[in-house]
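Read-outs: derived from the displayed coordinates by stated rules, not from any lab. Computed from a prediction, not measured in an experiment: that's the story for all the values here. Here Cβ is always computed from backbone atoms with ideal geometry, including for glycine, and neighbour counts include all displayed protein chains.
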Amino acid sequence: MSATAATVTASRRPVRVLVAGRELLTWTTVEAGRDLADIAGAFRIEYTDVLRDSDAGFQSASSDAIPVHEHMAVQIYIHGALVLNGYIDDLDLVCQDGQARCTASGRDRAGDLVDCAANPVGPGEYRQVQLLDVVGSLVKPYGLSIDSDTDTGAPFTLVAVDEGEPVMSAIEKLSRQRGVLIVSDGVGGLRLTKAGQQRAAGDIIFPTRGTSLETRVSVREHYSDVWVKGQFPSQLRPAQATLSASSAPADRPVSASGAQSFTQQEMNASARYGHAVDPSVGRWRPRLWLAKTQSGGSKATQNAGNPPLDADAAGFLRSQGLNPAAYHAAPAATGRSKKRAASKPRSDTDPWTLQDQAEWRMRSTKAHGTARVYTVAGYAVNDELWRPNTVVRVRDSYSGIDGDRLIGAVTYVADASGYRTRISVVSLDAYNIEGEPSTAARR
């Protein structure tokens with residue numbers, strides 16, 4: 001590939017870039033991709049400025065060149081397939097050595113959902129609404145389509161949209177209550193799905209000709225304990241007041257843990273939390289998120305109660321706080337550190353609670369710090385483009401991995417060095433809110 005983009009015709013390139021409907025022939029570097037962690041896809045284009053360099057130009061019906069500026073629509077095609085449709089967010093112009101070069105970057109059309117408010121003029125709440133319907137209502141003003149390839153569960157009793165809340169925040173908090181993953185297709189639509197529903201067309205093999213590996217390991221997002229807390233109105237109150245002049249006193253409520261007082265019942269119903277433990281973290285590193293939604297306040301959820309805390313998290317006595325010996329090595333005679341038990345996985349009969357959100361938070365944040373990035377030649381395998389949210393077999397003798405992983409991010413790259421794809425792989429359950437056990441890669 002020639003470093004002088006203007007001398008290369010579009011027909012010889014597998015990558016085509018359209019800006020405001022006109023094909024840009026002067027690009028020198030193009031990167032476009034999607035990451036499950038970021039919702040919206042992103043792109044970056046380096047090109048020679050058409051108005052400030054006499055050797056550059058657009059291919060269009062008109063000979064008049066137009067300036068590239070912010071908010072312009074951008075479409076990127078790979079082997080004739082549209083992989084990203086979005087808008088320019090940022091422009092960076094550099095004029096030196098007799099040449100004007102510019103970098104344009106932005107996101108696909110779902111990027112507006114990350115920045116912009118949901119329903120600034122209402123409605124502020126929905127009642128008895130399906131997840132697909134409420135998401136469709138929130139994204140409709142942005143011209144985005146919505147579809148689903150998974151069961152989204154029962155209707156929500158009440159969905160409240162906070163004032164000033166971004167659209168994607170409102171969508172994400174609802175999707176977590178139904179164990180659904182929200183992904184952008186990169187070209188103007190959202191999909192409600194599950195993680196790893198399809199397989200990639202080929203395997204990733206390393207070391208092999210044309211494949212490189214970049215490994216980044218970080219413990220900044222590894223936490224020993226993850227909490228998700230929320231406050232919900234009680235759904236367990238009796239139909240009549242506890243004290244009534246015309247009726248006998250109400251019976252003590254009974255939950256899965258047995259009889260309890262009305263005070264205990266009210267506390268268990270309104271003050272909710274989920275708690276996940278990662279035994280691989282050997283020191284006290286807690287993290288807490290707020291649920292930001294009342295959609296989990298069902299009778300089934302509140303009857304399930306909060307998960308019990310182990311002695312290391314709760315402390316032997318609340319007055320003493322945390323167990324002082326929980327994160328210290330055992331006596332020198334044993335030479336071993338204390339091992340905590342991992343959180344109990346959910347079963348199909350368990351109601352959706354904040355515990356599921358805590359487990360998902362723990363897995364997804366950990367995956368961000370342990371992703372492996374493989375760079376492979378070209379954009380396709382067996383005539384199919386590499387895509388995120390697909391399962392791929394990884395055979396990496398250098399890292400000692402032989403098993404299935406989830407493709408969490410894909411970035412298509414074109415520059416003076418050629419055409420290649422960066423593929424980030426994570427554990428199979430990193431984005432699976434249901435917490436189903438995955439088949440671990442053999443080591």
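For LEU288 paired with THR150, estimate the spin-label separation in nm (one decimal), with each label point 7 Å from Cα along the Cα-to-Cβ line.
The two pseudo-label positions are separated by 2.9 nm.
Modelled label-to-label distance, VAL121 and HIS71, 7 Å Cα→beta-carbon offset: nm?
Label-label distance for VAL121 and HIS71, simple model: 1.8 nm.
Between ARG220 and LEU132, what is the spin-label point distance in nm, taking each point 7 Å from the Cα along the Cα→C-beta axis?
For the pair ARG220/LEU132, the computed spacing is 4.0 nm.
For the stretch 113-193, build the charge dipole from Cβ charges (+1 Lys, Arg; -1 Asp, Glu) around the Cα centre, then report which of ILE171, THR152, VAL134 sits farthest towards its positive end.
THR152
Under unit Cβ charges (Lys, Arg +1; Asp, Glu -1), what dipole magnitude, rounded to 20 debye, does the stretch 83-227 have relative to its Cα centre?
Result for the stretch 83-227 is approximately 440 debye, rounded to the nearest 20.
Sort the stretch 113-193 into rounded, prolate or oblate with this rule: let a ≥ b ≥ c be the square roots of the eigenvalues of the Cα gyration tensor; rounded if a/c is under 1.5, and if a/c is not under 1.5, prolate when a/b is larger than b/c, oblate otherwise.
oblate
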